[in-house]
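> Mind looking over this structure? Questions follow.
The values are calculated or read from the model by the stated rules, or taken from the named source; none is laboratory data. If you're wondering where the values come from, they're calculated on a predicted model, not measured in any experiment. Please note: Cβ atoms are built from the backbone with ideal geometry, for glycine as well, and neighbour counts cover all protein chains shown. Only protein heavy atoms, including side chains, enter the accessible area calculation; ligands, DNA and RNA are left aside. Shrake-Rupley method; radii C 1.70, N 1.55, O 1.52, S 1.80 Å.
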Amino acid sequence: YHAEYGAVIVTGGLGPTHDDVTMDAVADAFGRELVLEDEVRADLIEYMADYEGVDPDELDSETVELDLAAWGATPAGARPLLNPVGLCPGAAIENVYVFPGPPAEFEAMFDLVAEEFGGDAVSETLATTAPEGSLTDTLAEFRERFDLVVGSYPSSEGTNRLKVTGSDPDTVAEGIEWLRERVSTPE
């Protein structure tokens, strides 16, 4: 399905645990094997040396208690995206971008490729006191009515957010106003 979109972003599920299957799935989707690229291996060794407080040249990579391939393998032929703030790399393969799930890691890695994304997106946010689960029908109707993206962001502090994004500021404003008429907002 990636050919139908300008870009596909996949997040989370990177690493060595049994539920970290994202790189495997992306490699399978493209019919590729997972490989540990030299630059990724070197980055993982550098990360471990920093963690252990030693110079990377002093770290015996053969005795590192870290399965480097499990932490760093990417699909063959993909462009590895080294992780500026964490351990697992991401990858870019054709128009699919794979990023780690933790927000700080995702944001730092996205900054590495942000210039590859174009377009003039406009977003507006509406605060609502409505529980996220109660918005299902309203958001479904919104999606049918408007050619806009709407995201729902719950908060444990009682005020949730609805974020509307599109390319035309007037249409985004119209969508926000439509939602404002249909959902409860803070006083």
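> So which of Pro84, Pro80 ends up being of a type outside the set (D, E, K, R), touching a residue at least 24 places away in the same chain (Cβ under 8 Å) and outside any strand (DSSP E or B)? Let's see the steps before the verdict.
Values: Pro80 fails: outside any strand (DSSP E or B).
Pro84 is the lone residue from the list that is of a type outside the set (D, E, K, R), touching a residue at least 24 places away in the same chain (Cβ under 8 Å) and outside any strand (DSSP E or B).
> Could you pull out the residue among Ser152, Ser156 that is open to solvent by 60 Å² or more (accessible area, probe 1.4 Å) and modelled with pLDDT under 90? Show your work before the answer.
Working: Ser152 fails: open to solvent by 60 Å² or more (accessible area, probe 1.4 Å).
Exactly one of Ser152, Ser156 is open to solvent by 60 Å² or more (accessible area, probe 1.4 Å) and modelled with pLDDT under 90, namely Ser156.
> For segment 82-90, check the following and say yes or no: at least one residue is open to solvent by 10 Å² or more (accessible area, probe 1.4 Å), in contact with a strand residue (DSSP E or B) (Cβ under 9 Å, 6 or more places away or on another chain), among the hydrophobic types (A, V, I, L, M, F, W, C) and modelled with pLDDT of 95 or more.
yes
> As an exercise: evaluate Met109 against (1) touching a helix residue (DSSP H, G or I) at 6+ places or on another chain (Cβ under 9 Å); (2) closer than 28 Å to Ala25 by Cα; (3) surrounded by 15 or more Cβ atoms within 10 Å (Cβ to Cβ) and give the number of the one condition it does not meet.
Against the list (1) touching a helix residue (DSSP H, G or I) at 6+ places or on another chain (Cβ under 9 Å); (2) closer than 28 Å to Ala25 by Cα; (3) surrounded by 15 or more Cβ atoms within 10 Å (Cβ to Cβ), Met109 comes up short only on (1).
> Related question: Out of the residues in segment 112-136 that are more than 23 Å from Arg161 (Cα to Cα) and in contact with a Leu (Cβ under 9 Å, 6 or more places away or on another chain), state the one that is most open to solvent (accessible area, probe 1.4 Å). Walk me through how you get there before you give the answer.
Pass one, segment 112-136, residues more than 23 Å from Arg161 (Cα to Cα): 112-119.
Add one more test, that the residue is in contact with a Leu (Cβ under 9 Å, 6 or more places away or on another chain), and what stays is 112-113.
Values: Leu112: 86, Val113: 1 Å².
Of everything passing the filter in segment 112-136, Leu112 is most open to solvent (accessible area, probe 1.4 Å).
> Return the pairs, sorted by first residue and then second, in which the second residue is open to solvent by 40 Å² or more (accessible area, probe 1.4 Å) and in a loop (DSSP other than H, G, I, E, B), the first residue lies in segment 169-185 and is at pLDDT below 95, the beta carbons are less than 7 Å apart, and the residues are 6+ apart or on different chains.
Between residues of segment 169-185 that are at pLDDT below 95 and residues that are open to solvent by 40 Å² or more (accessible area, probe 1.4 Å) and in a loop (DSSP other than H, G, I, E, B), the close pairs are Ser184/Thr129; Thr185/Thr129.
> Let me ask something else. For segment 22-35, enumerate the residues that are open to solvent by 50 Å² or more (accessible area, probe 1.4 Å) and under 17 Å from Leu87 (Cβ atoms).
Result: Leu34, single match.
> So Arg41 fits all but one of (1) within 19 Å of Pro100 (Cβ to Cβ); (2) open to solvent by 60 Å² or more (accessible area, probe 1.4 Å); (3) without any contact (Cβ under 8 Å) to a residue 24 or more places away in the chain; what number is the exception?
Here Arg41 clears every test but (3).
> Could you tell me which of the residues Tyr47, Tyr51 is among the aromatic types (Phe, Trp, Tyr), touching a residue at least 40 places away in the same chain (Cβ under 8 Å), open to solvent by 20 Å² or more (accessible area, probe 1.4 Å) and over 30 Å from Lys163 (Cβ atoms)? Let's see the steps before the verdict.
Working: Tyr51 fails: touching a residue at least 40 places away in the same chain (Cβ under 8 Å).
So the residue among Tyr47, Tyr51 that is among the aromatic types (Phe, Trp, Tyr), touching a residue at least 40 places away in the same chain (Cβ under 8 Å), open to solvent by 20 Å² or more (accessible area, probe 1.4 Å) and over 30 Å from Lys163 (Cβ atoms) is Tyr47.
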